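See below for the structure under consideration.
The values are calculated or read from the model by the stated rules, or taken from the named source; none is laboratory data. Nothing here was measured: the structure is a model prediction, and the numbers come from that model. Ideal geometry is used to build each Cβ from the backbone, glycine not excepted, and the neighbour counts take in all protein chains shown. Accessible surface areas use protein heavy atoms only, side chains included; no ligands, DNA or RNA. Shrake-Rupley method; radii C 1.70, N 1.55, O 1.52, S 1.80 Å.
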Amino acid sequence: MGDARAMLRSLAGRIVGDTLRTRVFSLALAVVIVVGAAGWLAFSHIINHLTGQFGAMIAERQVQYDRHRGMAVLNAELALAESFSRAPAIVAWFKDENDPDLKARGLADMEHYRSAFADGSVFLVVNGSGNYYFNDAQQSYAANPLSYTLDPELERDSWYYATRERREGCYPNVNVDDVLKVTKVWINCLVSENGRVLGMVGTGLDLSGFIRDVVELPGRGIESIFVDQSGAVQAHPDASLVDFRSITKEMAEKQTIFALVDTAEGQRVLRALMDAAREDPNAFISAPMSMGGVERLVGVGYLDHIGWYNVTAMDLGAIIDRKVFWPVAAGTIGVLLSVALVLCIMFRVVVLGRLERVEAGLRSMREGRRASMAPDPSNDEIGRLSHAVIEMSDAITEARLDLEGQVRQRTEVLQSLANLDELTKIHNRRGFEARFATQRRRAGDAQETSGLMLVDIDHFKSINDSAGHAAGDQVVIEVARRLTAALRRVDICARWGGDEFIVLVHGCTAEGLRRVAEALGDMMRQKPIVLGSGERISATISIGATVITGEDTLDVAIGMADAALYSAKDGGRDRAVVFDREATRSIADEVLRPASGQ
C-alpha cells in the first residue's frame, strides 16, 4: 500500500514538475479544464434555453398562422352559408314546399348562392318532407336538383338528424355522401324560425383541397391538425386519419387526436390545452409531449366561430439544427486553450455576458417586440449569432406586421362580403340593420324624425317569366342604381330581399317623406330600363313609407312601412302610401308586426 502511494506521488511530481512555472501552468491547465467544463455546461444550458424559447416562439406564430389560414378558408363560406339560411325565399319555400312559385324562387336563390360558393356546390334539406336538393359546380343536377329523400332509419342520413337537434347555427362536418359519392368538408346551416327548424342549407369544400390549402405545410418538422370539440380529427396531412361523420358517432367510435399521443399523461395535458384555448381563443398555450415516438412541442388554438381546434405539433429537433451552435462551442474551447488564465477571469464578460444579451434579445422577440439589443461588434461566432438574432428579429417582426396586415385586409373583405348584396353592390339586410343601429345610436334627440320606405318592383315575377331571370337581375341592379343616385349621401339604401328594397331617409317629416317617395316613383315611371339586349322594360315601383322616431325599433318601423306597402299594392301598385299612425291606432297591434320580407 505504501509503495503504491509513493508511485502516485512520484508520477504527480513528474507531471506537475518542481518549478513554479510548471506548477502555475499545471494549475492554469486545471483551471482551464474545470472552467471549460463549467463553461460548456453553462453554454449547453443557454443553448437549450434559447432553443426552447425560440421553439415556443415559432410554435406561437405557427398556431396563429394555422388558425388564420383555416379561418380564411372557412369564414367566407360560413358567412355566405349563414346568409343563405336567412334568405326570405328559402324560409318561405321551406314552409310550403309544394307551392310552385315559392319553389321557383327558392331554387333561384339556391342557384344564386351555388355560384357564389367557392366549391360551386350547394345543398338544402326541407325538414317537413326530408327532401335533399343538391347541385355542383358542373351543374350535374341542374335539371333535377331533388337528389333523394332522407330517412331517419338510415345510418347515412343520421348527420342531418344529429345536427337538427342543435336547433340553430352552422356546423362544419367531414362526411361522405354515399348517394352522391362525394367526400367534403360540409358546412351545415340550420334554417329556423321562432325556434322551429324548417330545414338546412349549406355547401361543401373538397376535402383533398382543404387539406392541401390549409393542413399541408412546406416546412419539415411541423404538422398541422384540425379537430372538433371531442378531439375527432377533421383534417390531417394523412387523410386516412380523418374521422368521417364525427357528429353521429359515439366517442368510442371516433378517430381522435388523443390516439396519436403516446402516453396517458400526454393525452391529459392535450385535453387541458384544448380547454384553456377554448376559454381564451386569443391566448397561446403549448406543452411538450410524445407523439409517434417523437418528442414534440404541441400548440393549440381555438377557432371559436366554428368550434374547431387547430393543433400544431412541432419536432424542434427537425426545425432547429443544433449543429449551427457548434462553431460557437469550438471557438470558445479554442480561446480557452490559448488564453487560459484570461478566460478564467473574463469568461463571464466575454462569453456568458454576450450570450445573455442575445438571450435578452430573444426574450424581447418572444414578448412580441423587436430584439432590444445592439449588434455585437465582434465578428466571432457569438457576434455572428447576435447579428443572426437581430436579422431574425427583423424578419419575424416584418412577417408579423405583414400577417397582421393580411388578417386585417381579409377581415375587411369578409366584413364587406357579409354586409353587401352581391348582385347590386349595395347594403344587404345585415348591412342595413347594422347601419340602422349606428344611425339610432348617433341620433341626439329621441323625438327627431326620419323616414323609412319599403320599395317593391311591381310585377317583378312577370318580368322574370317573360324576359328571363338574367333580365330580372338587370332590372334589380338598375332600380338599385337609380334609388342610390336619387338619395342623399346621408340616406341609406339596401336590398331587403328579392325585388324589395329598404330606404332610410335621415331627418324628414311626413310631408317631406311623401315628396321623396313620389319623386322616386316618378323617376322610375318616366324612364324605361334598357336591358343589355337593347330591350326596353317599363318598370314601376310601389312604396310603403312611414315616419319614425328615435323610440321606434326596426321591427316596428318595418311593420308600419309594410302595412303602407300593402295599401299601395292593394290600391293598384305604382304609387306611394305613407303610414298614418293616428288613423290606424285602433288596429296598431295587428299592423305593427315584424316584416315578413314579401
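If I take R0 = 45 Å and measure r between the Cβ atoms of S230 and L423 in this structure, what FRET efficiency does the formula 1/(1 + (r/R0)^6) give, to the nearest 0.05? Intermediate results must be reported in sequence, preceding the final value.
Working: r = 40 Å, r/R0 = 0.89.
Computed FRET efficiency for S230 and L423: 0.65.
What GluC sites (Glu not before Pro) does the range 135-167 have in DSSP loop regions with at most 11 other beta carbons within 10 Å?
E153, E165
Accessible area, 1.4 Å probe, largest first: how do E279, E422 sort?
Working: E279 155, E422 95 Å².
Of E279, E422, the descending order of accessible area is E279, E422.
Note down the accessible area of I222, probe 1.4 Å, to the nearest 10 Å².
Counting only protein heavy atoms, I222 exposes about 40 Å² to solvent.
Quick one: length gained pulling A374 to M251 fully straight, 0.36 nm per residue minus the C-alpha distance? Don't skip to the answer; put the middle values down first.
Details: separation 123, 0.36 × 123 = 44.28 nm, distance 5.47 nm.
Stretched fully, the A374-M251 segment lengthens by 38.8 nm.
Of the listed pairs K103/K527; K95/K527; K103/K249; K103/K569; K184/K461; K95/K461, which have alpha-carbon separations greater than 31 Å here?
Numbers: K103/K527 33 Å; K95/K527 38 Å; K103/K249 34 Å; K103/K569 23 Å; K184/K461 36 Å; K95/K461 20 Å.
Violating the 31 Å limit, Cα to Cα: K103/K527; K95/K527; K103/K249; K184/K461.
Probe 1.4 Å, all protein chains in place: accessible area of D570 in Å², nearest 10?
In the full protein context, D570 sits at about 120 Å².
What GluC sites (Glu not before Pro) does the range 490-581 have in DSSP loop regions with at most 11 other beta carbons within 10 Å?
E551
Shape call for the range 419-591 from the C-alpha gyration tensor, a ≥ b ≥ c root eigenvalues: rounded (a/c under 1.5), prolate (a/b greater than b/c) or oblate? Don't skip to the end; give the middle numbers.
Working: a/c = 1.99, a/b = 1.51, b/c = 1.31.
It is prolate, given that a/c is not under 1.5 and a/b is the larger ratio.
What do you reckon, how do M560, M392 stack up by accessible area (1.4 Å probe), largest on top?
Values: M560 0, M392 60 Å².
Output order, biggest surface exposure first: M392, M560.
Just to be sure I understand: of the beta bridges DSSP finds with both ends in the range 87-209, what percent are antiparallel, rounded to 5? Don't jump to the answer; show the numbers that get you there.
Details: 29 of 29 bridges.
Here the antiparallel bridges make up roughly 100 percent for the range 87-209.
What does the extension gain come out to for A259 and V349, with contour length at 0.36 nm per residue minus their alpha carbon separation?
Values: separation 90, 0.36 × 90 = 32.40 nm, distance 4.94 nm.
Full extension of this stretch gives 27.5 nm more.
Working out 0.36 nm times the residue gap between V530 and D402, then minus their Cα-Cα distance, what length gain in nm do you get to one decimal? Don't skip to the answer; put the middle values down first.
Details: separation 128, 0.36 × 128 = 46.08 nm, distance 4.60 nm.
My answer for the length gained is 41.5 nm.
Which of rounded, prolate, oblate describes the range 485-584, given a ≥ b ≥ c as roots of the alpha-carbon gyration tensor eigenvalues and a/c under 1.5 marking rounded, otherwise prolate only if a/b is larger than b/c?
Numbers: a/c = 1.96, a/b = 1.63, b/c = 1.20.
Here the range 485-584 falls in the prolate category.
Report R166's accessible area, 1.4 Å probe, all protein chains in place, as a number in Å² to the nearest 10.
110 Å²
Taking the Cβ-Cβ separation of A118 and H387 as r and a Förster radius of 56 Å, what is the calculated FRET efficiency to the nearest 0.05?
Numbers: r = 44 Å, r/R0 = 0.79.
Computed FRET efficiency for A118 and H387: 0.80.
What is the pair-distance distribution P(r) of the range 87-209, computed from all Cα-Cα distances in 10 Å bins starting at 0, with each bin given as a whole percent?
Each 10 Å bin holds this share of Cα pairs: 13, 49, 34, 3.
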